[in-house]
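Report on the following structure.
The values are calculated or read from the model by the stated rules, or taken from the named source; none is laboratory data. Keep in mind the model is a prediction, meaning the values are calculated, not measured. Counting neighbours? That spans all protein chains shown, and the Cβs are built from the backbone with ideal geometry, glycine included. These accessible areas exclude ligands, DNA and RNA; they are computed on the full protein's heavy atoms, side chains included. Shrake-Rupley method; radii C 1.70, N 1.55, O 1.52, S 1.80 Å.
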Amino acid sequence: MNIVHITSEVYPFSKTGGLADVLYSLPVAQRKMGNKVYVISPLYKNILKNFEDIKFSGRKTWVDTELGIYEFGIFTTVKEGVTFIFLSNLFLFERGGYYGKDGADYEDNFLIFGAFSKAALNLVKYFIGKTDIIHCHDWQAALVPAVGKTEFYDINAKYFFTIHNLAFQGIFDFDNVLKLKIDPWLCGLECLEFYGRANFLKAGIAMADFVTTVSPTYAKEVLRPEYGFGLDGFLNKHKGKFAGILNGLDYNVWNPATDKFIFDNYDEKNISGKFTNKAKLCNLYNLDERLPLFGFVSRFTEQKGIYLIIDALNETYFGANFIFLGDGDIFARSRLKLIENKPNIRIVYGYNETLSRKIYASSDFYLMPSRFEPCGISQLIAMRYGAVPVVRSTGGLVDTVVDVGSDNGHGIVFDNYTVSDLKNAINRAVNMYIEKKLEPLILKNMKKNYSWVKSAQEYVKLYEKVLNI
Ligand code: ADP
Ligand code: GLC
């Protein structure tokens, strides 16, 4: 089968979150199953500088809009048998942030990702050729099925659309979106229209042949108003072509036995290296290594439960250390000031893959009290590195973490999105540490298998169903 993925980010070239992880590891797993796989993404600033193996193909493509004609250079590289294709355009993709600057989205995101989606379809038509499945990801690529079906009649492929996060929908004024010269038929209630504006994600749901999200539990949750972000009704309407497939983790990319960025390597046969990692990180950040260490590597947002954590840590001293790596808006930063001077808390702002790996390797526990979580890659990485997950029971966290209270339990799970439930969970963790019950749990987590094998097969089975094979 020939599969083309279209995405706004892909590891290791561009990444702000789990979307990028998935768009490397899923294609590689599909390639290993014998498929021909392409991944199309933007060539952001610095990618060429950091990855010398990416080469200009000598070809270009153009997208015509009312704001001008945009030219895209076509660059490629091959990794693990997957062809990664990058579209370059100085004005659209070389601004610094991918989606915005200083906490505000770019006003012309409709143009950046609308033009990108059209250019990606040009690539399929003129550069790639025979394609069975075009698999689009999140709102940034959500116009692809709509534009493909109304402008690219000769592309004879089926369209898949995966929602990695329903909270981000790409909503713009029609005046702007129509400048992309899309078929006006798409502006109706059954497609783009959303409270008088144009909703890219909604168009993806409407026009794709099949829609997935990234865990079975989230697929059920988003059909309810509490999790639906205004699209629960529309998803219910399309639920006959909607399913949840759990993300996996690439165990070659994330492996404490070979990870070059951590202080000492270790594996489940000998975890002593995990303890030296902790000692070295604590030393670096001037933390008492005898206390339990909780790690957190994430966006500082409501989704990730950062405000619950701030309130819990502001009210209580748990006899534990906490290290946070991530970034958030002005509001999150100002709230974090409440706890950032406490002797047992370290907050590091920014995106830093090296430090993130050190934190996963060094932490006894990994905090993920999400308000909602489509799947979550961080808890999977944490488990792989032997950090016991402390999570709220929502979305993909329900599907990947079982509370130690059950026979096959390996993490700490709490139900309600409240400060008191989170405090109880942290206290349970600290007590387990004090009672020296942690080592068997570390091993249990390291031995868990959330590889892509099963999920990649599930995707291909669904592709076959849609293609009627
Ligand atoms: P998200 O909702 O942010 O996509 P996931 O758990 O699915 O959450 O994936 C987050 C991914 O991004 C993980 O690979 C995590 O290690 C990485 N990540 C998040 N924040 C940072 C950061 N500040 N520095 C380095 N890596 C980060
Ligand atoms: C989104 C979700 C996260 C998921 C990731 C990859 O960013 O917030 O839960 O793991 O996409 O699918």
Stretchable slack from E353 to K447, in nm (0.36 nm times residue separation minus alpha-carbon distance)
31.5 nm
Can you tell me what share of the DSSP beta bridges in the chain is antiparallel? A percent to the nearest 5 is fine.
30
FRET efficiency for D267 and L338, Cβ-Cβ distance as r, R0 = 35 Å, nearest 0.05?
0.35
Kirkwood hydrodynamic radius of the chain from all distinct Cα pairs, in Å?
23.0
Given H placed on each backbone N at 1.01 Å, which residues far from L325 in sequence or on other chains put an amide H within less than 5 Å of it?
F296, V297, S298, V348
Note the full-extension length gain between I434 and R299 as 0.36 nm times their separation in residues minus their Cα-Cα distance, in nm to one decimal.
45.6 nm
Please enumerate, by chain and number, the lysines with C-alpha under 18 Å from the C-alpha of K342, excluding those fewer than 8 residues away in the same chain.
K423
So how many Lys-Lys pairs in the range 88-163 land under 13 Å Cα to Cα, not counting same-chain pairs under 8 apart?
4
Kirkwood Rh and Cα-based Rg: tell me the resulting Rg over Rh for the range 62-200, rounded to two decimals.
0.94
Distance between modelled label sites at N50 and Q457, nm, 7 Å Cα→Cβ extension
3.4
Between helix 438-447 and the chain, what is the angle of the helix's C-alpha long axis to the longest principal axis, kept within 0 to 90° and rounded to the nearest 10?
20
Which percent of the accessible area of the range 85-208 is formed by carbon and sulfur heavy atoms (probe 1.4 angstrom)?
54
State the extension gain, in nm to one decimal, for the chain segment bounded by T276 and N314, taking 0.36 nm per residue of separation less the distance between their alpha-carbons.
10.7 nm
Given points 7 Å out from each Cα along the Cα-Cβ axis, report the A167 to N424 separation in nanometres with one decimal.
2.4
Could you state the accessible area per residue of the chain in Å², with a 1.4 Å probe and every protein chain left in place?
40
